[in-house]
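Comments concern the structure below.
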Amino acid sequence: MQVAMDITARFCGKEMQDYGACVARNPSSWQEQCQHMKLKVAQCTSSHPVIQKIRSDCAGQFAEFERCLQDHQSSAASCSAHMSRFLACAEAVDLSSVAGGSVSQPI
């Protein structure tokens, strides 16, 4: 997961910062208020093979996490178990066959 996070930060840092700032400014309505920024992050990351692989392999866990966030917009902490399951899945994804997926390479 650290590789995916590093790739996202490297190639989509501005989009991630803008989205994070929006979420922080709108704690009870971020799901609606920040939707356009969330889409910008998704568009930015969708072209990287490592992130594509994690999204594919962990789609179910991520969908459950997002659904929980929607259901608990004012209390994202309620979704920590969902987030943990997604992160555990992402950590377990075999990236050896993905271009740029070697965890030993600095990003």
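Here is how the numbers come out for the structure above:
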quantity	calculated
Count of region 26-38 residues which are of a type outside the set (Gly, Ala, Ser), open to solvent by 60 Å² or more (accessible area, probe 1.4 Å) and either at pLDDT below 90 or not in a helix (DSSP H, G or I) (or both)	1
Identity of the residue in region 39-93, surrounded by 18 or more Cβ atoms within 10 Å (Cβ to Cβ) and part of a loop (DSSP other than H, G, I, E, B), that ends up nearest to the chain's Cα centre (by Cα)	58
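The values are calculated or read from the model by the stated rules, or taken from the named source; none is laboratory data. From a predicted model like this one, the values you see are computed outputs, not experimental measurements. Note that we place each Cβ from the backbone using ideal geometry, even for glycine, and neighbour counts take in every protein chain shown. We work out accessible area using only protein heavy atoms, side chains counted, and drop any ligands, DNA or RNA first. Shrake-Rupley method; radii C 1.70, N 1.55, O 1.52, S 1.80 Å.
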